[in-house]
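Report on one structure; see the data block that follows.
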Amino acid sequence: MANLRRRPVVIETAGFVVGIDPSTDSPHVNYASPLPGARPTAADVAALVAAFRERGLKPRLEFAPDAAPDVAPALRAAGFGVEAAHDYLVCTPSGLTVPGPGAGPAVVEPEDEQDYLAIDAALSEAFGGEFAPSPAGAARLRRLRDSGGVVRFVRAPDGGCAGAASSSPPAVGTAELAGVGTRPAWRNRGIAAAVTAAVTAAMFDRGAETVWLEYGGEGSRRVYERLGYVPRGTRLYMSLES
């Protein structure tokens, strides 16, 4: 919720917070979450949908259903469908296991615009072209860093990016680690573990009490669990088609 309130445009309507970045129409960037314990009426959901529609955006939500059990039924009644339900993992400072010196590839911070462009391009490739690399994508990574978040990557021999990860700034004691991706040619070399450990440690250094993430498969889950992440709950993704 706190992360949505950091978006350039924030709309609060009837128990929901909508975070919007005008530089993109991606539903993975522009979405809403309900306030804990929200009990939306049909009119509340209609107002939420209108907030998206009037900006030409797809109505979409990401949330932990246990924190607001009445929200998913209200959304389904309005025609929303479930995109996915993902388990999430949580790490605490005492649980983090960081690989020792020389145990993995070197992880560094981006130094300039070319690094941010290289990271954005590498993540695009890592996620199968789900989003196109762009200066706007690189700018979002830079804003994330400037707002108190963390961006780390492993530099490829050609000077580009082999793999990377990032985290939102700490909020209410926690931070979200996301965008863990490795270019296909560089997989199975410990890059995901190295950048995850580095970003997690950096967030604890900045005062986070917990760091959480979602995983994309059992292989990645095992990587995260070896670093000290443990299962904690489920997040639900729901959207309304045109």
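Scanning the range 1-17 for residues that are farther than 12 Å from Val29 by Cα and in a loop (DSSP other than H, G, I, E, B) yields a total of 4. The numbered conditions (1) within 18 Å of the chain's Cα centre (by Cα); (2) of a type in the set (A, V, I, L, M); (3) assigned to a helix (DSSP H, G or I) are all true for Val90 except (3).
Figure legend. Inter-residue proximity from the range 84-98: first residues more than 20 Å from Ala202 (Cα to Cα), second residues aliphatic (A, V, I, L, M) and surrounded by 15 or more Cβ atoms within 10 Å (Cβ to Cβ), beta-carbon distance below 6 Å, spacing 6+ or different chains. Indicated pairs: Ala85/Leu236. Of the residues that sit in the range 14-48 and are of a type in the set (D, E, K, R) and at pLDDT below 95, which one is surrounded by the fewest Cβ atoms within 10 Å (Cβ to Cβ)? Only one residue tops the list, namely Asp25.
Filtering the range 87-131 to residues that are touching a Leu at 6+ places or on another chain (Cβ under 8 Å) and under 15 Å from Arg145 (Cα atoms) leaves Pro110, Tyr116, Ile119, Asp120. State whether the residues of the range 207-226 include one that is under 17 Å from the mean Cα position of the chain (by Cα), more than 26 Å from Arg183 (Cα to Cα) and not in a loop (DSSP other than H, G, I, E, B). Looking for residues that are under 17 Å from the mean Cα position of the chain (by Cα), more than 26 Å from Arg183 (Cα to Cα) and not in a loop (DSSP other than H, G, I, E, B), one finds at least one in the range 207-226, hence yes. From the list Ala103, Ala132, Ala85, the one residue that fits, being at pLDDT below 95, of a type outside the set (Val, Ile, Thr) and farther than 20 Å from Thr182 by Cα, is Ala85. Filtered by the rule that a residue be surrounded by 12 or more Cβ atoms within 10 Å (Cβ to Cβ) and out of contact with any helix residue (DSSP H, G or I) (no Cβ under 9 Å at 6 or more places or on another chain), the range 49-61 gives Val49, Ala50, Ala51, Phe52, Arg53, Arg55. What residue, among those in the range 27-86 that are among the basic types (Lys, Arg) and assigned to a helix (DSSP H, G or I), is farthest from Thr234 (Cα to Cα)? My answer is Arg53. The single condition among (1) within 20 Å of Ala118 (Cα to Cα); (2) surrounded by 14 or more Cβ atoms within 10 Å (Cβ to Cβ) that Tyr224 does not satisfy is (1). Do we find a residue being without any contact (Cβ under 8 Å) to a residue 24 or more places away in the chain and polar (S, T, N, Q) anywhere in the range 124-132? Yes; the residues of the range 124-132 include at least one that is without any contact (Cβ under 8 Å) to a residue 24 or more places away in the chain and polar (S, T, N, Q). Put simply, of Val98, Val108 the only residue that is at pLDDT 95 or above, within 25 Å of Ala185 (Cα to Cα) and β-branched (Val, Ile, Thr) is Val108. Summed over the range 1-12, residues that are surrounded by fewer than 17 Cβ atoms within 10 Å (Cβ to Cβ) and over 16 Å from the mean Cα position of the chain (by Cα) total 4.
The values are calculated or read from the model by the stated rules, or taken from the named source; none is laboratory data. Note that the structure is a prediction, hence the values are computed from the model and not measured. Here Cβ is always computed from backbone atoms with ideal geometry, including for glycine, and neighbour counts include all displayed protein chains.
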